[in-house]
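What follows is one structure encoded as structure tokens, with my remarks underneath.
The values are calculated or read from the model by the stated rules, or taken from the named source; none is laboratory data. Every value quoted in this text rests on a predicted model; they were computed, and no experiment measured them. Glycine gets a Cβ as well: all are built from the backbone with ideal geometry, and neighbour counts include every protein chain shown.
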Amino acid sequence: MLVQNSLSEVLRAREELFSRTNWNDPTSQLQNRVKGEDLARYFVLSDSERVGIQNTIRLLVSTTPYYLSLSDPSDPNCPIRRMIVPTKEEAIFSLEESADPLEEERLSPVRGLTHMYPNRVLLFSNHSCSVYCRHCMRGRKVSSNEERMEKSDLESAFDYIRNHPEIEDVVVSGGDPLNLADLRIEWILKELNQIPHVKICRLGTRNPVTLPFRITDAICQIIEKYNDDNLSIFCNTQFNHPKECTKETKEAILKLLKVGVSVGNQAVLLKGINDDEETMLTLHKKLLEMRVRAYYLYDPELIPGSRGFRTPLARGIEIVEYMRGKIGGMGIPQFVNDLPGGGGKITIGANWYLGFYPKTRQHVFRSAVTKKIHFSFEPIGSNKESYYPKISDEEWEKWKPR
């Protein structure tokens, strides 16, 4: 039974939580994580949230005190709160949803490894995160002790990679790989560094956002040690809202940059959180200020209990179209859909290219800045005309140069 506390009681409970947490110590942050049964102490819950906490069909609830401090205790529409607290939509399993929409398990030759693309694999390093985001697309695995990756499981994964010389790129994800102990992280990076055909390692971690204090000098020294001529290490994180861009996160990002690790951002388009143009533009401006380059903007996956987060496909296209011309290209993410059924990622762009008019050999474009129509000629002798979508005579009359 969730007891409803007043706002004054919630504020006192937050103050007590924050004061007993050794703020800059990642271990203390993890030890003081707030679980589902405690959310009523730190939020004035809505009826929808109470139903969601009690009946969620997804992963466990947990947040660090740091990430909790970014949320509004009284506003159910607070974007950070929406990513922490379940709502009633999480209790609904729709017909179109699947626990594993990308069929990662079908594409898993050994436990904890997904081999979808010929030269790349995804290594599921662990099952734990600092914050269990409500939109997590691996809710079937994250927070479940049954999905714990033992050292023997990781050794089997490394053996598979060694025996497949076509694998050049390993994404280390989870859970959050930076929730592992330093020694385990060093072992994983050392193993990958010693496989001659593995050239790229990408760390998929949200800790720069949810637990920036985990980016310690010690972990940066480990990463720097194995970020060498044999292995290039990158980091992809997930900022979803400008409120997540704090001085603490910037300090964490700068530490990674100083040891030669390029940081990219993979945002998820989330209904009621960041599905408007100005929010997404502001987010990516702040990311560039932190020297984080835009990478992906994900269309939400069809996972159980996710109907409260999903947006029309057109929203992502409209947002990326709006951003063009208002921020440098390195601040504009690729809008991607990771196709259900294990089809891999595809990019979905705005319709700047309108087509080709064979009679004049001209391509027709729409400017992202002025919205006016512009023209360019196909080279003489080209054999690619059949590749382009054709413009009809009627359309040409509407657009042709005057």
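Some observations on this one:
- Annotation note: of THR210, THR246, the sole residue that is under 16 Å from the mean Cα position of the chain (by Cα), within 23 Å of ASN32 (Cβ to Cβ) and hydroxyl-bearing (Ser, Thr, Tyr) is THR210.
- Per-region count, the stretch 355-380, residues hydrophobic (A, V, I, L, M, F, W, C), out of contact with any helix residue (DSSP H, G or I) (no Cβ under 6 Å at 6 or more places or on another chain) and modelled with pLDDT of 95 or more: 4
- Residue check for VAL259: within 30 Å of SER28 (Cβ to Cβ) and crowded, with 18+ Cβ neighbours inside 10 Å: no
- Residue within the stretch 301-316 that is farther than 26 Å from LEU95 by Cα, buried (at least 18 other Cβ atoms within 10 Å of the Cβ) and at pLDDT 95 or above present: no
- For the condition among the acidic types (Asp, Glu), touching a Lys or Arg at 6+ places or on another chain (Cβ under 7 Å) and either farther than 16 Å from VAL34 by Cα or not assigned by TED's automatic domain parsing to the domain that holds ARG12 (or both), ASP72 does not qualify.
- Residue within the stretch 52-63 that is surrounded by fewer than 19 Cβ atoms within 10 Å (Cβ to Cβ) and assigned to a helix (DSSP H, G or I) present: yes
- Residues considered: LEU107, LEU178. Of these, the only one that is over 19 Å from TYR226 (Cβ atoms), within 23 Å of the chain's Cα centre (by Cα) and of a type in the set (A, V, I, L, M, F, W, C) is LEU107.
- Here THR249, THR279 are screened, and the one residue that is assigned by TED's automatic domain parsing to the domain that holds VAL170, surrounded by 18 or more Cβ atoms within 10 Å (Cβ to Cβ) and among the hydroxyl-bearing types (Ser, Thr, Tyr) is THR249.
- Counting only strands (runs of 3 or more DSSP E) wholly contained in the stretch 99-174, the ones carrying 1 or more residues that are in contact with a strand residue (DSSP E or B) (Cβ under 9 Å, 6 or more places away or on another chain), polar (S, T, N, Q) and under 25 Å from SER232 (Cα atoms) occupy 113-117, 169-173.
- Candidate set: the stretch 113-161, residues that are without any contact (Cβ under 8 Å) to a residue 40 or more places away in the chain and touching a helix residue (DSSP H, G or I) at 6+ places or on another chain (Cβ under 7 Å); chosen: the one nearest to GLU191 (Cα to Cα): PHE158
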